[in-house]
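J.: Can you keep this structure in mind? I'll have questions shortly.
Bear in mind that the values in this text are calculations on the coordinates, not laboratory data. No experiment lies behind these values; they were computed from the predicted model shown.
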Amino acid sequence: MDNSAHDLFSAPDPTVVVPTSNGQHPQPNPNPQPLNPTVADTLKGPAFSTMDRDNQLKMSESAQFNDMVDNRGLLESSMKLKPHEAQNYRKKAIWISWISILVTLILAIASFTVSIMRFSASSFGFAFDATLDVLSSAIVLWRYSNAAAVHSAHREYLACVILGVIFLLSALCIIGKAIHALATHVLPEVDNFLYTVSVLSGILCTVLAGVKFFLGKILTSRALITDGFNSLVGGIMGFSILISAEVFKHNPSVWFLDGTVGILIGLIILTYGAKLLMDMVPRIRQTRNYEMFE
């Protein structure tokens with residue numbers, strides 16, 4: 001066999017084989033693009049995992065979502081609820097606010113009566129908190145009175161600032177009354193009327209708080225959640241009146257429990273009000289240009 005036949009059937013030498021495309025040699029890229037350093041660094045090493053990448057992606061999307069909502073002067077609910085859903089929950093918020101005003105107004109009158117007749121500092125504290133609940137529910141009514149402003153961040157933050165101021169003033173009054181009761185050694189009296197008011201206050205306020213928390217979470221409303229917090233405090237105070245009165249009935253030496261509970265509740269309201277103002281005042285400044293809903 002001659003040399004030409006040997007060349008046809010022999011395997012080519014890999015050192016001299018050059019890939020071609022359509023009979024032409026490919027031209028090298030004069031400006032090769034390097035791999036993104038950030039991506040390259042992320043892909044290196046054993047620390048990289050799919051879970052880490054997913055978490056970073058979710059955090060990035062969440063930050064972009066919050067920035068987008070804030071820049072539009074709207075609450076987060078504007079991106080989560082359809083228009084008819086938002087209006088439906090807005091009406092429910094108005095209804096629960098009217099119910100709360102009616103219930104807490106009756107409880108406030110009854111608690112003020114108990115406080116005067118039985119010299120109970122915690123009863124006075126609850127009565128004041130019930131009055132605060134009436135005012136906070138009225139503010140929520142104003143907050144949702146305008147159907148077009150259901151997602152207005154400026155209106156929301158303004159309502160929260162008003163609530164924060166009322167919380168501070170009410171807390172100072174409650175604490176002052178409780179300190180006066182402790183300083184003058186006031187002993188609370190116990191009877192069936194006090195028990196009735198305490199039980200009703202605890203149950204009704206706790207139920208109202210649960211509904212307000214539910215609606216506030218859906219509407220992403222800090223004002224509605226704050227109103228629910230106030231109702232929850234009212235429920236706790238209602239049960240605390242019952243507990244302190246029962247303890248005093250069996251052990252008169254702990255007469256100071258009633259006033260101590262009043263001071264504790266006042267401090268809780270004071271702290272929440274201060275935190276609310278610290279959070280909401282800067283946000284009002286950021287959204288003051290979005291008052292087209294007013």
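J.: With a ≥ b ≥ c taken as the square roots of the eigenvalues of the C-alpha gyration tensor of the range 147-221, please select rounded if a/c is under 1.5 and otherwise prolate if a/b is larger than b/c or oblate if it is not?
T.: oblate
J.: With only alpha-carbon atoms in the gyration tensor, what are the semi-axes of the equivalent ellipsoid for the range 224-264, in Å, largest first?
T.: Equivalent ellipsoid of the range 224-264: 26, 10, 4 Å, largest first.
J.: Could you bin all the Cα-Cα distances of the range 145-294 into 5 Å bins starting at 0 and give me the percent of pairs in each, rounded to whole numbers?
T.: 2, 10, 14, 17, 17, 13, 9, 7, 5, 3, 2, 0, 0
J.: Quick one: which residues, 5 or more positions from L74 or on another chain, have an amide H under 5 Å from its amide H? H modelled 1.01 Å from N in the peptide plane, none for Pro or chain starts.
T.: Amide H neighbours of L74: A153.
J.: Residue by residue through the range 99-106, what is 3J(HN,Hα) from phi via Karplus (6.51 cos²θ - 1.76 cosθ + 1.60, θ = phi - 60°)? Round to whole Hz and write x for glycine and proline.
T.: 4, 4, 4, 5, 5, 5, 5, 5
J.: Rounded to a whole number, what is D in µm²/s for the range 91-187 from Stokes-Einstein with the Kirkwood radius over alpha-carbon pairs (37 °C, 0.692 mPa s)?
T.: Diffusion coefficient, whole number: 224 µm²/s.
J.: How large, in Å, is the range 240-289 by the Kirkwood hydrodynamic radius built from its alpha-carbon pairs?
T.: 13.4 Å is the Kirkwood radius here.
J.: If amide H atoms are built 1.01 Å from N in the plane of the peptide, which residues on other chains or at least 5 residues away come under 5 Å of the amide H of L81?
T.: Here nothing satisfies the definition.
J.: Same structure, new question: Taking amide H positions as placed 1.01 Å from N in the peptide plane, with prolines and chain starts having none, which residues 5 or more places from S221, or on another chain, fall under 5 Å of its amide H?
T.: Amide H neighbours of S221: none.
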